1. Rank these for me by crowding, 149, 142, 16, going from fewest to most other beta carbons within 10 Å.
2. Using 15 Å as the cut-off for backbone N distance, which residues of the stretch 76-104 belong to the label zone defined by a point 7 Å from the Cα of residue 174 along Cα→Cβ?
3. What is the order of 34, 25, fewest Cβ neighbours within 10 Å to most?
4. Using a Förster distance of 45 angstrom, determine the FRET efficiency expected from the C-beta separation of residue 15 and residue 165, and round it to 0.05.
5. Calculate one ³J(HN,Hα) per residue across the stretch 26-39 by plugging θ = phi - 60° into the Karplus curve 6.51 cos²θ - 1.76 cosθ + 1.60, and present them in order as whole Hz with x for glycine and proline.
6. Hey, what do the phi angles of the stretch 162-172 turn into as Karplus ³J(HN,Hα) couplings, whole Hz, using 6.51/-1.76/1.60 and θ = phi - 60°, x for Gly and Pro?
7. Enumerate the amide H contacts of residue 84 below 5 Å, restricted to partners 5 or more residues apart or on another chain; note that Pro and chain-start residues carry no placed amide H.
8. Want the number for residue 149 to residue 58: 0.36 nm per residue separation, take away the alpha-carbon distance, what's left?
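Taken together, the values in this text are just the output of simple stated rules run on the coordinates, not laboratory data. Please read these numbers as outputs of a predicted model, since none were measured by experiment. Note: ideal-geometry Cβ built from the backbone for every residue, glycine included; neighbour counts use all protein chains shown.
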Amino acid sequence: MNGQQLDRPVSSAISSDELRRLRAIVGEVPDPEIPVLTIEDLGVLRDVTVDDGVVVATITPTYSGCPAMDAIRADVLCALREQGVEQARVQTVLSPAWSTDWISEDGRRKLREFGIAPPARCAAPPAGQLISLSVCCPLCGSLHTREVSHFGSTACKALYVCETCHEPFDHFKTL
């Protein structure tokens, strides 16, 4: 079926190649708030399945109440329709909650290249130990940075400034 337009319900007995193709279509949908990232890069896309001939894309918001979810839902359905898939739905799951650990390595690279400091990987410190993490400037690589505002251009980012190159940048919050 690769390369063919699907103008009917997708068979529930779908091949693994076709399922991978459908996931790739959905996975390439850009995040509306950070368009250099796809929903696959961001880890928002959980799964793509076929249920009774309907393609079901499962997504998880980066945080409850994320205003981008409606846009993502519409963009996923549009991307599938453009490939001939007329019967599709998007389901949102909240558990387990999304974590910044779900951002792919490619997504982290794209964030840095776009000038946004990616979040650190979450690793539990030893019990009772307090830790302080520095945020690396995505422009010059310095760890000599400070938070200016806990809320940046979107609620999931904080505004930082680099004390070395003096440039402001967003930092994707660790969740």
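1. By the 10 Å Cβ count, ascending: 16, 149, 142.
2. In the stretch 76-104, the label zone of residue 174 (backbone N under 15 Å from the point 7 Å along Cα→Cβ) covers 99-103.
3. Fewest-to-most Cβ neighbours within 10 Å comes out as 25, 34.
4. Efficiency computed from Cβ-Cβ geometry: 0.30.
5. Result, ordered by residue: 5, x, 7, 5, x, 5, x, 8, 9, x, 6, 9, 8, 5 Hz.
6. 8, 7, 8, 9, 6, 9, x, 7, 8, 10, 6
7. Those lying under 5 Å, H to H, from residue 84 are 6.
8. Length difference between fully extended and current span is 29.5 nm.
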